[in-house]
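What follows is a set of notes on a single structure, which appears directly below.
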Amino acid sequence: MVVLANPPVVDQIPLLRSPGPRDSFAAVPVVDLSSPGAARAIVDACERFGFFKVVNHGVAAGTMDRAETEAVKFFAQTQADKDRAGPAYPFGYGSKRIGINGDMGWLEYLLLAVDSASLSDACTVPAAAAFRAALNEYIAAVRKVAVRVLEAMADGLGLAPADALSAMVTEQGSDQVFRVNHYPPCPALQGLGCSATGFGEHTDPQLISVLRSNGTSGLQIALRDGAQWVSVPSDRDAFFVNVGDSLQVLTNGRFRSVKHRVVTNSLKSRVSFIYFGGPPLAQRIAPLPELLGEGEESLYREFTWAEYKKAAYKTRLGDNRLAQFEKK
Ligand SMILES: C=C1C[C@]23C[C@@]1(O)CC[C@H]2[C@@]12CCC[C@@](C)(C(=O)O1)[C@H]2[C@@H]3C(=O)O
Ligand SMILES: O=C(O)CCC(=O)C(=O)O
């Protein structure tokens with residue numbers, strides 16, 4: 001038997017079949033956030049896919065462009081300069097290693113803590129004032145989108161008060177994380193039919209993630225419980241929203257936390273920004289009583305966000321983190 005090794009440049013990084021036009025997911029639900037039908041459309045998309053695209057979100061193109069320009073400048077620095085902003089644990093610059101349990105991807109990134117509506121002062125990277133200002137402007141804007149989406153979700157689910165979900169990511173001590181990912185092209189694999197994994201398959205532990213990319217494709221989501229991976233057509237003017245594990249639990253499984261991953265492009269760089277909205281550490285994560293039908297029981301053992309987060313950080317990226325909290 002001939003065992004083909006990865007080309008040395010992507011050694012240790014899992015390879016994936018290169019996506020083709022037939023993998024494109026043309027049916028991504030699109031939610032017009034300015035329309036009266038947004039609440040219903042969001043609930044429908046969360047039930048079907050745990051994923052949707054948001055347009056008419058009100059965030060100025062300049063806010064997104066400034067953050068992207070500064071991010072590109074940051075990643076264009078020498079490796080030695082970037083390494084000075086690392087390591088990524090708990091927060092800072094990281095390259096190829098994701099988390100501390102051995103996951104690898106063809107990317108470099110900044111993992112940053114958000115306090116209220118801007119970068120946490122305790123997070124001293126990135127240091128450049130222009131980059132921090134651009135990120136703070138972007139974070140304030142994307143957080144507002146997350147809040148509007150969570151309010152519309154609460155409306156669509158018939159929850160009261162209107163901030164039943166959004167308060168969890170805005171109240172004092174809420175655990176918000178921001179990630180800037182840069183996936184350099186991987187020309188060594190061009191024409192081989194395979195691509196480097198940029199970010200391996202996973203679900204997000206928080207309630208909600210709001211993603212924006214520079215328009216280079218690469219994001220894939222899993223359909224039919226992981227039986228099929230489809231490519232999300234990129235759109236630099238839109239946001240993409242993922243349901244996270246915590247929202248799956250709050251809705252007792254009615255909304256599905258979506259499995260997703262990133263496949264590296266062989267020719268073009270991808271830059272993405274992801275805002276992860278998580279609750280305060282002491283928040284109890286359990287199905288909301290209003291969402292439990294008559295006689296319906298929780299599918300999960302009770303836990304706090306602190307317990308879930310601690311357990312999550314001991315897992316590998318692709319693990320089913322909720323499994324250990326499911327009632328047997
Ligand atoms: C391998 C890991 C990276 C991760 C923490 C974890 O142990 C499992 C979950 C991963 C994830 C996915 C969503 C964003 C993120 C910041 C998070 O909260 O959980 C990452 C973590 C990370 O990159 O450190
Ligand atoms: O870069 C992307 O498009 C998605 C990355 C991602 O899923 C993550 O950072 O958790």
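The values are calculated or read from the model by the stated rules, or taken from the named source; none is laboratory data. Computed from a predicted model, the values in this text were never measured in an experiment. Here the Cβ positions follow ideal geometry from the backbone for every residue, glycine too, while neighbour counts run over all protein chains shown. Heads up: the accessible areas ignore ligands, DNA and RNA and are worked out on the full protein's heavy atoms, side chains in. Shrake-Rupley method; radii C 1.70, N 1.55, O 1.52, S 1.80 Å.
Some observations on this one:
- Identity of the residue in region 1-23, exposed (fewer than 14 other Cβ atoms within 10 Å of the Cβ) and within 26 Å of the chain's Cα centre (by Cα), that ends up modelled with the lowest pLDDT: 11
- Taken as a whole, the condition of being within 19 Å of residue 283 (Cβ to Cβ) and more than 16 Å from ligand 2 (Cβ to nearest atom) applies to residue 162.
- Meets criteria (under 9 Å from the mean Cα position of the chain (by Cα), among the acidic types (Asp, Glu) and within 16 Å of ligand 1 (Cβ to nearest atom)) for residue 245: no
- Test: residue 267 is assigned to a loop (DSSP other than H, G, I, E, B) and more than 16 Å from ligand 1 (Cβ to nearest atom): yes
- Residues located in region 48-63, provided they are more than 29 Å from residue 248 (Cα to Cα) and either loosely packed, with under 14 Cβ neighbours inside 10 Å or not polar (S, T, N, Q) (or both): 60, 61, 62
- Any chance residue 247 is out of contact with any Lys or Arg (no Cβ under 9 Å at 6 or more places or on another chain), buried (at least 22 other Cβ atoms within 10 Å of the Cβ) and hydrophobic (A, V, I, L, M, F, W, C): yes
- Counted residues, region 184-218 - those being under 20 Å from residue 316 (Cβ atoms) and within 15 Å of ligand 1 (Cβ to nearest atom): 11
- Restricting attention to region 168-177, the residues that are more than 18 Å from residue 209 (Cβ to Cβ) and outside any loop (DSSP other than H, G, I, E, B) add up to 0.
- Any hit, region 157-176, residues being closer than 24 Å to residue 82 by Cα and within 16 Å of ligand 1 (Cβ to nearest atom): yes
- Helices (runs of 4 or more DSSP H) enclosed by region 24-93 - at least 2 residues per element that are within 18 Å of the chain's Cα centre (by Cα), more than 29 Å from residue 163 (Cα to Cα) and touching a residue at least 60 places away in the same chain (Cβ under 8 Å): 61-75
- When restricted to residues that are of a type outside the set (Lys, Arg) and either at pLDDT below 95 or open to solvent by 30 Å² or more (accessible area, probe 1.4 Å) (or both), region 107-140 contains 16.
Residues are listed down the side, and each one gets a yes or a no for (1) buried (at least 18 other Cβ atoms within 10 Å of the Cβ); (2) at pLDDT 95 or above; (3) in contact with a Pro (Cβ under 7 Å, 6 or more places away or on another chain):
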position	(1), (2), (3)
178	yes, yes, no
186	yes, no, no
193	no, no, no
217	yes, yes, yes
226	no, no, no
240	yes, yes, no
